[in-house]
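The values are calculated or read from the model by the stated rules, or taken from the named source; none is laboratory data. These figures come from a predicted structure and were not determined experimentally. Here the Cβ positions follow ideal geometry from the backbone for every residue, glycine too, while neighbour counts run over all protein chains shown. Side chains are part of the model used for accessible areas, which takes the heavy atoms of the whole protein and leaves out ligands, DNA and RNA. Shrake-Rupley method; radii C 1.70, N 1.55, O 1.52, S 1.80 Å.
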Amino acid sequence: QTIDVVWFNSRRMPASVFEVEHSTDMKNSLVKFVELQDFRTEMIIVADKNRKRQYEQTIMLNAFNSIKDYIYFWSYQHLSQLHSRTSELKAIQDIM
């Protein structure tokens, strides 16, 4: 209920979950992901690229060992690029 964004697969199971970390403590999002560790879903932290080092240091804490292989860090710029490329692909598909 407190996850920022959840993408569901065709069976309506969580395929990817996103937490946007603009100014809050990254540990709070990672604790939410620990609660989801029984789901083998992509877990993505979205934040400013300047916070990547903080993410890397936090994810190495023993408390997050069980989930660290399922979590990715995306910068705002990376997410924006993915959105743009997806929009371009959709436009090409619509032409065909």
Unit charges on C-beta of K, R, D, E only; dipole of the chain, Debye: 120 debye
Inter-site label distance for residue 7 and residue 25 at 7 Å from Cα along Cβ, in nm: 3.0 nm
Carbon + sulfur, % of accessible area of the chain - ligands and nucleic acids excluded, 1.4 Å: 52 percent
Within the chain, percent of DSSP bridges classed antiparallel, to nearest 5: 25 percent
Cα-based reach from residue 27 at 20 Å (exclusive), listing lysines while leaving out same-chain residues under 8 positions away: 49, 52, 68
Acute angle (nearest 10 degrees) that the helix 76-95 long axis makes with the longest principal axis of the chain, alpha-carbon atoms: 30 degrees
In nm, spacing of pseudo-spin labels at residue 38 and residue 91 (7 Å Cα→C-beta vector): 4.5 nm
The chain, accessible area per residue, ligands and nucleic acids excluded (1.4 Å, Å²): 73 Å²
Cα centroid of the range 67-91 to Cα centroid of the range 1-58, whole Å: 13 Å
Relative contact order for the chain, counting Cα pairs under 8 Å that sit 6 or more residues apart, in percent: 24 percent
